[in-house]
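The values are calculated or read from the model by the stated rules, or taken from the named source; none is laboratory data. In this text the structure is predicted, and so the values were computed from the model without any measurement. So basically every Cβ, Gly included, is an ideal-geometry build from the backbone, and we count neighbours across all protein chains shown. Please note that ligands, DNA and RNA were not included when accessible areas were found on the heavy atoms of the full protein model with its side chains. Shrake-Rupley method; radii C 1.70, N 1.55, O 1.52, S 1.80 Å.
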Amino acid sequence: MRRTKSREFALQILFSLESHNGQDSALDAARAQQAVTAYLQNFAPMNYEGIVDVPYLMRLVSGICADLASIDAELERHSEHWKLYRMTRIDRNVLRIGVEELKSFRDVPSKVTLDECVELAKRFGTDDSSSFVNGVLDK
């Protein structure tokens, strides 16, 4: 449950970072950690430490920001007929979370990553987001 909430926070942080920096602007780990810290201080519930895995959240957001070009290239390869700029910002960032987790978090089973990302897409995306996310990450 704590990682589920961490993924939700990561999506909101990535969405915000992309709004301020553009979809293809890589951020260094220090700026990514600043963004996580600012989000937790300003937008998270008062007792977020009990519901969020903060080290996991930091590692996830930092990893995505540090390796954004590679993650986006991977997404472009596996999303037939879809360029990143045509994807909704939610779908694009849910997919980034999925790719980073599949690549860098060996302790998380692939099926869990897929299920969690599909649920994020259902919750925050459009009616078609969950099937789109599932199809791209499944490849």
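Can you tell me the accessible area per residue over region 78-139, all protein chains present, probe 1.4 angstrom, in square angstrom? Could you put the intermediate results ahead of the total?
Working: 3390 Å² over 62 residues.
For region 78-139, the solvent-accessible area averages 55 Å² per residue.
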Only Lys, Arg (+1) and Asp, Glu (-1) charged, at Cβ; the chain dipole about Cα centre in debye: 120 debye
Solvent exposure ordering (accessible area, 1.4 Å, most first) of 132, 43: 43, 132
116, 80, ranked by accessible area, largest first (probe 1.4 Å): 80, 116
Model label zone, residue 127; criterion: amide N under 18 Å from point 7 Å along Cα-to-beta-carbon; scope region 68-110: 88, 91
Angle in degrees between helix 129-138 and the longest Cα principal axis of the chain, rounded to the nearest 10: 80 degrees
Per-residue SASA entry for residue 111, accessible area with 1.4 Å probe, Å² rounded to 10: 140 Å²
Protein-only accessible surface order, largest first, of 119, 76, 101 at 1.4 Å: 119, 76, 101
Acute angle (nearest 10 degrees) that the helix 68-78 long axis makes with the longest principal axis of the chain, alpha-carbon atoms: 30 degrees
Helix 2-21 vs. the chain, principal-axis angle (Cα, 0 to 90°, nearest 10): 80 degrees
Sulfur and carbon atoms: percent of accessible area, the chain [1.4 Å]: 51 percent
Extension gain from residue 139 to residue 37, taking 0.36 nm per residue of separation minus the Cα-Cα distance: 33.4 nm
Pairs of Cα atoms farther than 12 Å apart, region 100-139, %: 54 percent
